[in-house]
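Quick note: the coordinates plus some simple rules give every number you see, no bench work behind them. Remember, it's a predicted structure, so these values are computed and weren't measured experimentally. Quick reminder, even Gly has a Cβ in these numbers, built from the backbone with ideal geometry, and neighbours come from all protein chains shown.
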Amino acid sequence: MLSHLFSGNLYLLKLNLIILCCCFALKNNAQPIAELNSYKTIYALATNQTGKYIAIRSFKAENRKYILLTDPFTLTNRIEPAENYQLNNVELNNIRVIFKTSPYIKAIESILLNDKPIQNSGLNTPLANRKGITLTVDLCPAHKEMDRSIINNLLSYFNGASLPIPISFSISGKWLLKHPTDFEWLKQLQNKKQFTITWVNHSYNHQVNHLPLTQNFMLAPGTNVQAEILDNEKLLLKNGIVPSVFFRFPGLVSDQKLIEKVLQYGLIPLGSDAWLAKGGKAKNGSIVLIHGNGNETSGVKDFINLLQSKKNDILNKQWMLFDLSQGVVSSFK
Ligand SMILES: [Zn+2]
């Protein structure tokens with residue numbers, strides 16, 4: 001009888017633990033991690049009853065070990081307790097073989113095969129041919145407040161059509177630290193389900209100098225690539241954000257070596273085929289780039305004009321914004 005009761009209690013305890021774990025996994029967008037230790041890059045095959053995933057980071061919080069998981073078929077990241085998975089460390093090359101049919105590996109292989117210009121390497125062509133665009137808004141360090149007209153116009157044009165609106169923010173650590181009010185506002189828009197936000201790593205410092213591009217941004221001498229990537233991820237996690245699998249180079253500037261390095265961290269470099277302020281034109285499926293940090297009003301104006309020109313199509317759901325991960329998945333099926 002006693003043992004029966006005990007096993008019953010154990011069952012309840014297990015159930016509670018499972019519920020707790022699920023809450024953590026589901027709510028991790030809104031749950032800041034105050035203490036975060038031993039943050040490091042790993043490559044492990046993570047398996048549980050729901051499938052196989054790729055663990056790309058591990059860390060400790062409140063004496064528990066967690067992993068950052070990438071789902072190679074949906075290109076979504078999530079945080080999970082490590083104990084919920086069987087973990088096998090593997091080489092990146094093995095990951096490329098195991099998941100060779102996945103959009104994640106197909107996207108990486110295509111980036112490796114394509115030309116690598118000094119500016120705008122990575123995903124830089126329109127995604128699956130659909131009526132609409134994928135909007136990426138860069139938040140490079142700036143003194144000015146965020147250009148909120150981007151969000152306010154999106155809400156007024158799309159409010160009657162479809163919510164939440166998918167949008168990507170390429171966020172730099174220095175922008176986040178200087179703009180806590182704007183950052184909290186973006187998180188609230190996400191919590192209120194007005195927007196679904198993909199948080200793209202845009203480096204921690206986002207250094208820029210007056211040298212030629214070959215020695216500028218992350219190609220500047222002395223750049224610590226690991227710190228630029230991992231410090232920004234840690235900052236996001238501490239602020240209740242799960243970093244996505246995408247990385248946008250500051251200034252879109254990179255070379256072959258830097259691209260290979262970023263891929264080694266399990267991240268997908270994200271370019272653009274329509275940087276509006278530089279004269280780029282948005283086509284169906286375009287990865288549109290504008291700056292939301294207040295330093296590029298011409299690009300924001302072009303974007304708002306684009307919304308105005310598509311007003312009727314938006315109302316009739318013939319033109320919309322697309323989720324970045326879903327767009328890449330459709331393009332690399
Ligand atoms: Zn930038």
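Helix 297-309 and the longest principal axis of the Cα set of the chain meet at an angle near 90°.
What net charge is computed for the residues neighbouring Ala107, neighbours being all others with C-beta under 13 Å from the C-beta of Ala107, Lys and Arg scored +1, Asp and Glu -1?
Overall, the nearby charge balance is +3.
Once each part is reduced to its C-alpha centroid, what is the distance from the stretch 172-246 to the stretch 35-78 in angstrom? What the calculation gives is 20 Å, centre to centre. Distances between placed amide hydrogens fall under 5 Å for Ser170 paired with Val137, Asp138, Leu139, Val200, all partners being 5 or more residues away or on another chain. Computed on the Cα trace of the stretch 103-331, the radius of gyration divided by the Kirkwood hydrodynamic radius gives Rg/Rh = 0.94.
Remark on Leu127: its backbone amide H falls under 5 Å from those of Ser286, Ile287, a criterion applied only to residues 5 or more positions apart or on other chains, H modelled at 1.01 Å from N. Would you be so kind as to identify which of Asn120, Pro81, Ala107 lies farthest towards the positive end of the dipole of the stretch 16-167, taking Lys and Arg as +1 and Asp and Glu as -1 on Cβ and the Cα centre as origin? Checking the options against the dipole of the stretch 16-167, the answer is Ala107. Report the residues of the stretch 74-114 in range of a label on Thr125: point 7 Å along Cα→C-beta, backbone N strictly under 19 Å from it. Residues 101-114 qualify, since their backbone N sits under 19 Å from the label point.
Translational diffusion coefficient of the stretch 164-272 (Stokes-Einstein, Kirkwood radius from Cα pairs, 20 °C, 1.002 mPa s): 149 µm²/s. When the alpha carbon coordinates of the stretch 33-98 are projected onto the principal axes, the ranges are 36, 22, 20 Å, largest first. Approximating the spin labels as points 7 Å out from Cα along Cα→Cβ, the Gln226-to-Trp185 distance works out to 3.8 nm.
If you plug the beta carbon distance of Lys193 and Glu260 into 1/(1 + (r/R0)^6) with R0 = 51 Å, you get a FRET efficiency near 0.85. A DSSP coil position with no more than 12 other Cβ atoms inside 10 Å describes none of the chymotrypsin sites (Phe, Trp or Tyr not before Pro) in the stretch 117-188.
Each of Ala227, Val137, Ser331 was scored by the projection of its Cα onto the charge dipole of the chain, and the greatest displacement toward the positive side belongs to Ser331; charges sit on the C-beta of Lys, Arg, Asp and Glu.
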